[in-house]
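The values are calculated or read from the model by the stated rules, or taken from the named source; none is laboratory data. Predicted, not measured: the structure shown is a model, and the values here were computed from it. So basically every Cβ, Gly included, is an ideal-geometry build from the backbone, and we count neighbours across all protein chains shown. What goes into the accessible areas is simple: the full protein's heavy atoms, side chains included, and nothing from ligands, DNA or RNA. Shrake-Rupley method; radii C 1.70, N 1.55, O 1.52, S 1.80 Å.
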Amino acid sequence: MDRSFNAALGRAGEDAAAGMLESRGYIILDRNYMSPEGEIDIVAEKDGSIVFAEVKTRRGTMYGRPCEAVDGRKRSRIRKSAICYLREKRCGREGYGRIRFDVIEIAINHVKGAF
């Protein structure tokens, strides 16, 4: 599979995830936040809680669910990146009531021969 196609698929998935979060009342604080530890796809806030979301988009579930790609190593990088974000943005305990880590999975089912 072509890297540019995969990048476009990933961007489309992140756009859809951000739109879904906004439709549910979340405020998007940051997208594609980069730290020395790695990237966080979406940082959002709702009701005083901050959410660090990893978005996984796949063209189906033939090789498993998208969330299964978030292994222990990836979770560790996300946690470390979240700490960097909180320090950089000066989000102390007084700033948010809760911190949550979510995985948003998007599976695009394509019907063979449809296009």
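Some observations on this one:
- Residue check for E22: open to solvent by 40 Å² or more (accessible area, probe 1.4 Å), within 27 Å of G97 (Cβ to Cβ) and touching a Ser or Thr at 6+ places or on another chain (Cβ under 9 Å): no
- Some residue of the range 64-82 being at pLDDT below 90, buried (at least 16 other Cβ atoms within 10 Å of the Cβ) and of a type in the set (D, E, K, R): no
- Residue within the range 49-58 that is open to solvent by 40 Å² or more (accessible area, probe 1.4 Å), touching a strand residue (DSSP E or B) at 6+ places or on another chain (Cβ under 7 Å) and within 21 Å of A107 (Cα to Cα) present: yes
- Residues in the range 1-27 that are aliphatic (A, V, I, L, M) and either in contact with a His (Cβ under 6 Å, 6 or more places away or on another chain) or under 21 Å from C67 (Cα atoms) (or both): M1, A7, A8, L9, A12, A16, A17, A18, M20, L21.
- When I104 is tested against (1) exposed (fewer than 15 other Cβ atoms within 10 Å of the Cβ); (2) of a type in the set (V, I, T); (3) at pLDDT below 95, only condition (1) is not met.
- Residues that are of a type outside the set (D, E, K, R), assigned to a strand (DSSP E or B) and under 18 Å from Y26 (Cβ atoms) within the range 52-89 comprise F52, A53, V55, listed in sequence order.
- Residues that are outside any strand (DSSP E or B) and under 13 Å from the mean Cα position of the chain (by Cα) within the range 1-51 comprise G10, R11, A12, G13, E14, D15, A16, A17, A18, G19, M20, L21, listed in sequence order.
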